[in-house]
Every structure is written in C-alpha cells, then in structure tokens.
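One structure below.
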Amino acid sequence: NGTNTTAASVYLSKSASIKVNCQVGTNRIWTKTLVSASGKNDVSESYDIESLVQCDKLDQIESKNDIPKDTKVGACLEIRGNRHLLAPWIEYHRIIGFQHFWIFVNEAWSLEGFPKKPYITYIPFNYYHEDHRNHSHWRNNGDHFWQVPMQMQCIYRMKRLDLDWVVTTDVDEYIYVNLTQKEESNQTEAVPVLHNFLATVDDYENIGALQMNSIFFGRNILVEPENTTYPLLIDFVWRMKENRLTRQKLIYNPRNAKSVGVHFLWNGGYLKKATSELYMHHYKNSHSGVFNPKTLKPCTNEIPILKDSNLVDKYRDKIIEAL
C-alpha cells in the first residue's frame, strides 16, 4: 500500500547476538536473533529489498479470478534442473486432490520443457547463493539457501488467496494417503482422497501445520542392475521395512502459519502429527539403492527391505493418462 518496508539491525551492547526486526510501517512482522559463532558482535547481514518490495506489489495484483474460487488446497515447489520430473509430480498430486501449483523457477527464466496448464503458475525465482556469499553467514554450499524465502513467499501468497492448506515439498517427494480396505471401498472419484483426509483433521482453527513422515524408496541393488532407470520415479518400489520418523515435511495451514523452515513450523499455530495414513514416498537418489548390503547383520539371511507397490499400482495408469 505504498508503505516502506524496513529491516533494522539492533546490536545489543556487550552481547554476542544481533536482533533483526522486520516491520511494515508500525506493524512488526517478525523478530529474529542471530547468534555469532565467534562469540563476538561480528555477524552482519544486509539486504537490498527494494526490488523485492516492488515485485511483491506487482504480485498482489494477481487476481483471484485467475484462480478458481473453490481452490483450497495448493502446492508450492522450488525447482532447479530436473525439469522432466515436474509434470508427473504435478499430475500425481492433482489426482489426489491438490488444485493449483505455484512453481518457483530457481534458474534462468525459460518455460521450455515445462507443462503449460491453467492450474500451474510459474514464478521467476533465479537466485544464486554465490551472489550473496559475502553478505551472509550461511556456511554450506547454499543448496537450500533460497528454499525458506520461497516457503515464506508461498505462505503469505496463500493467505491472500484464502487457501486452507498448502505444501512446500520437493519434486522427488510424493504425498501418499494410505487408505484402509474399508475406506478404499467408500472412496469416490468425486471427492479426491486428500480432501477426504483433510476433512477429518480436528482443531483446524488452531493448527499451524500437519507433520508427515518420509519413507525412502529406491533401487533394490540385489536384483536391479546399477544402471536401472524407470520412466517415473514412482516405479522404484523398494523401501526399508522399518518406518523411522525422518526428514518430515509439513502441510501448512496458511491462515495460522507465520514463520516456517524446510522441515519446521517456527511460529503460528501448533504442529500436529498426521496419522500413519498420511506420509511421503521420498525418491531422493533412488537409483543409488535403498540399502547397503554391507550393513546386513552377520549370519543372517534377512533382507531389511520390502516391495511396496501400493502407490504405483493405484496411480501409475492415471498419471500416464494425464500426461
């Protein structure tokens, strides 16, 4: 609304931390404390946010008329490379109930190789960590540096569009609703399976996010050659028998969520664990194998993996048809 956005750093005297306040006008948006690794006040971060502010003003012009009014479940995804994985990922998640997709293109702007559908919005998001290395205390190679800003932009975009739920998962992560046999028999095409599940979530008014477990799927190196490739990621059907709670991702309630991380909800509502019916198939480095035979216990023939083809059996033909 023409109001300047300011980010002010306040150095606490005789302290090893910096408090950063972000506000619009007199309204405080968030406060974050950065702790110096050296124990001294030598950490500083500066951002030229004017271009981002101008971009956001243009973004707010986005008309709700461009998105069907009944759109209540959406997905945001940051993509860099692997464009061939996008279309199957979108069509699968559309089948289970996601209605619109916001794709943040974290590379040189081009829509070549991307599906052009009315339920997909592409957003330029070409940022490189190297461009900001001298202005940041971020110490790794920067692979995930822009993921949280993407998530935050996504959350606040969904607030404006009045969505009920949104995810910010990756292109190698497939959300799965594991129905019981009774639920399967009652499932109809008219109401997508994810909508049925989300309708059963209690205390929506106070929830900030639902937490989903991640189960890794990949090649069975005992029976599948090293160079095994498949047309779809979901064709990898082997996983570990034990479902450990690991690398959780969240379905956010954008009405409550205020501050989020790659695997976290920092502020805004509370985190509710999803039931065992809702989890993710994670296909990261699936060609490398889902387990290492060298880790097998001696004097045992037990293989710690199993074949789980539920997702591919239910949805593969539908995905191919949609593509």
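The values are calculated or read from the model by the stated rules, or taken from the named source; none is laboratory data. Bear in mind that the values here come from a model prediction, so they are computed numbers and not experimental data. Virtual Cβ from ideal backbone geometry, glycine too; neighbours counted across all protein chains shown. We work out accessible area using only protein heavy atoms, side chains counted, and drop any ligands, DNA or RNA first. Shrake-Rupley method; radii C 1.70, N 1.55, O 1.52, S 1.80 Å.
Select from the stretch 259-303 the residues that are surrounded by 13 or more Cβ atoms within 10 Å (Cβ to Cβ), at pLDDT below 85 and on the phi > 0 side of the Ramachandran plot and list them in ascending order.
Residue satisfying the conditions is GLY289 alone.
Which numbered condition trips up SER185, out of (1) under 27 Å from LEU278 (Cβ atoms); (2) among the small types (Gly, Ala, Ser); (3) at pLDDT 65 or above?
Unmet for SER185, out of (1) under 27 Å from LEU278 (Cβ atoms); (2) among the small types (Gly, Ala, Ser); (3) at pLDDT 65 or above: (3).
For the stretch 246-258, give me each residue that is under 18 Å from ASP162 (Cα atoms) and open to solvent by 30 Å² or more (accessible area, probe 1.4 Å).
Once the filter is applied, which keeps residues that are under 18 Å from ASP162 (Cα atoms) and open to solvent by 30 Å² or more (accessible area, probe 1.4 Å), the stretch 246-258 yields ARG255, ASN256, LYS258.
Taking the stated definitions as given, is LEU52 modelled with pLDDT under 90 and exposed (fewer than 10 other Cβ atoms within 10 Å of the Cβ)?
Here the answer is no, as LEU52 does not meet what is asked.
Is it true that some residue in the stretch 127-148 is open to solvent by less than 80 Å² (accessible area, probe 1.4 Å), of a type in the set (Ser, Thr, Tyr) and modelled with pLDDT of 90 or more?
No: zero hits.
Of TYR252, TYR230, which residue is on the phi < 0 side of the Ramachandran plot and in contact (Cβ under 8 Å) with a residue 60 or more places away in the chain?
TYR252
Which one is modelled with the highest pLDDT, of the residues in the stretch 64-81 that are within 16 Å of the chain's Cα centre (by Cα) and open to solvent by 30 Å² or more (accessible area, probe 1.4 Å)?
Once the filter is applied, the top-ranked residue is GLU78.
Pairs, please: C-beta under 6 Å, at least 6 apart or cross-chain, first residue farther than 12 Å from THR169 by Cβ and in the stretch 271-285, second assigned to a loop (DSSP other than H, G, I, E, B) and open to solvent by 10 Å² or more (accessible area, probe 1.4 Å)?
Cβ pairs passing all conditions: GLU277/ASN178.
How many residues are in a strand (DSSP E or B) and either open to solvent by 20 Å² or more (accessible area, probe 1.4 Å) or polar (S, T, N, Q) (or both) when one looks only at the stretch 155-170?
0
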